[in-house]
Amino acid sequence: MTTHLQPQAAWCWASGVIEFGAETEVPEDSILIAYGPKAHLFNEVSIMARRGRGASEGLLLVPGVPEAANQRAGADALAKWLEWCAKGNGRASRHGVKFMTERAAHPV
């Protein structure tokens, strides 16, 4: 399989910071947010994410999570964002990238 079509994953941390890597190497304490071909995953996630400012400049963030008053509020912000992102699942314009949803224990 060519490198640009290899499966890749995007995950986030409780801080809201989004990272990317191999689908098989999602860190244990992170939350899987999307998966798809390496050639398209970063672009699809970055379109939906917020850019960091100040100390988080250069990072992609889940909107609402860094500003959340507590972990529950952060989890609610993540769930709302993922539901919004997942509305495009299955569309040709997503190039095989799928976002996770709170309702799904596996990719939608």
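So, in the range 21-39, of the ones that are within 14 Å of the chain's Cα centre (by Cα) and over 15 Å from Gly96 (Cβ atoms), which residue ends up surrounded by the most Cβ atoms within 10 Å (Cβ to Cβ)?
Ile33
I need every pair where a residue in the range 89-108 that is under 17 Å from His40 (Cα atoms) and at pLDDT 50 or above has its Cβ under 7 Å from the Cβ of a residue that is surrounded by fewer than 13 Cβ atoms within 10 Å (Cβ to Cβ) and not acidic (Asp, Glu), sequence separation at least 6 or different chains.
From the range 89-108, the pairs are Asn89/Val108; Lys98/Val108; Met100/Val108.
Hey, Ala69 hits all of (1) of a type in the set (A, V, I, L, M); (2) over 19 Å from Leu5 (Cα atoms); (3) in contact with a helix residue (DSSP H, G or I) (Cβ under 9 Å, 6 or more places away or on another chain); (4) surrounded by fewer than 17 Cβ atoms within 10 Å (Cβ to Cβ) but one; which does it fall short on?
Unmet for Ala69, out of (1) of a type in the set (A, V, I, L, M); (2) over 19 Å from Leu5 (Cα atoms); (3) in contact with a helix residue (DSSP H, G or I) (Cβ under 9 Å, 6 or more places away or on another chain); (4) surrounded by fewer than 17 Cβ atoms within 10 Å (Cβ to Cβ): (3).
As an exercise: evaluate Trp11 against (1) hydrophobic (A, V, I, L, M, F, W, C); (2) over 11 Å from the mean Cα position of the chain (by Cα); (3) buried (at least 17 other Cβ atoms within 10 Å of the Cβ) and give the number of the one condition it does not meet.
Of (1) hydrophobic (A, V, I, L, M, F, W, C); (2) over 11 Å from the mean Cα position of the chain (by Cα); (3) buried (at least 17 other Cβ atoms within 10 Å of the Cβ), only one is false for Trp11: (2).
The values are calculated or read from the model by the stated rules, or taken from the named source; none is laboratory data. Keep in mind that what you see is a predicted model, and the values were worked out from it rather than measured. Here Cβ is always computed from backbone atoms with ideal geometry, including for glycine, and neighbour counts include all displayed protein chains.
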